Amino acid sequence: MSSIIEFFVAPDDAVATSVAKDGPGPDLKPATYGNFDVWSTLAEWESILLDRDLDEVIDAGGPDVLSDGDGPLVLLVPPPLTKALAQLRDDTLANVVERWIALRAEDDEEIEDELAHDLIGELAALSADAERTRGALYCWIC
């Protein structure tokens with residue numbers, strides 16, 4: 001688990017990697033969260049949104065780590081996941097939230113509906129921004 005998790009959009013990997021030490025500044029409009037397992041969460045969302053078997057997604061190795069691993073990490077959210085998040089609409093968002101909550105419940109982890117809706121909704125908006133600006137979605141973990 002991490003204490004701080006910030007998702008942000010950057011124009012390229014070089015800009016994203018440059019924030020590894022201190023995290024994304026306000027110019028990158030980060031969405032800040034804390035205390036959840038980013039690795040499994042991204043895999044679960046990829047499984048749900050891309051209709052892929054969760055074990056297959058996990059076996060693929062997860063997101064690319066862009067920072068050197070000596071301190072906070074910067075991850076590139078897989079582009080197919082970013083694209084799928086960007087395409088979410090209100091009518092499909094509720095279904096994705098419901099499926100994610102059910103998946104977490106299988107591991108005896110309770111996620112509040114409002115938090116799950118806010119998190120996925122905010123990342124969908126960031127993903128849409130990434131697609132619109134031809135950037136990418138990244139995650140800073142400290």
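All of the numbers you see were taken from the coordinates with simple rules; none came from a lab. Note that the structure is predicted; figures quoted are calculated from it, not measured. Cβ sites come from the backbone with ideal geometry, for glycine too, and all protein chains shown count toward neighbours.
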Is region 1-67 rounded, prolate or oblate when judged by the Cα gyration tensor, a ≥ b ≥ c being the square roots of its eigenvalues, rounded requiring a/c under 1.5 and prolate requiring a/b larger than b/c?
prolate
Measuring from label point to label point, each 7 Å out along Cα→Cβ, what is the Thr92 to Val65 span in nm?
3.2
Only Cα pairs under 8 Å and at least 6 apart count here; give the relative contact order of region 5-141 as a rounded whole percent.
37
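Please list, by residue number, every one of the trypsin sites (Lys or Arg not before Pro) in region 88-142 that is coil in DSSP and has at most 15 other beta-carbon atoms within 10 Å. Could you put the intermediate results ahead of the total?
On the way: sites: Arg89, Arg99, Arg104, Arg132, Arg134; in loops: Arg89, Arg134.
Counting only loop positions with at most 15 other Cβ atoms within 10 Å, the trypsin sites (Lys or Arg not before Pro) in region 88-142 are Arg89, Arg134.
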Enter the angle in degrees (range 0 to 90, nearest 10) between the Cα long axis of helix 113-133 and the first principal axis of the Cα atoms of the chain, meaning the one along which they spread out most.
50
With angles folded into 0 to 90 degrees, how steeply does helix 90-106 sit against the dominant principal axis of the chain? Use alpha carbons for both and round to 10.
80
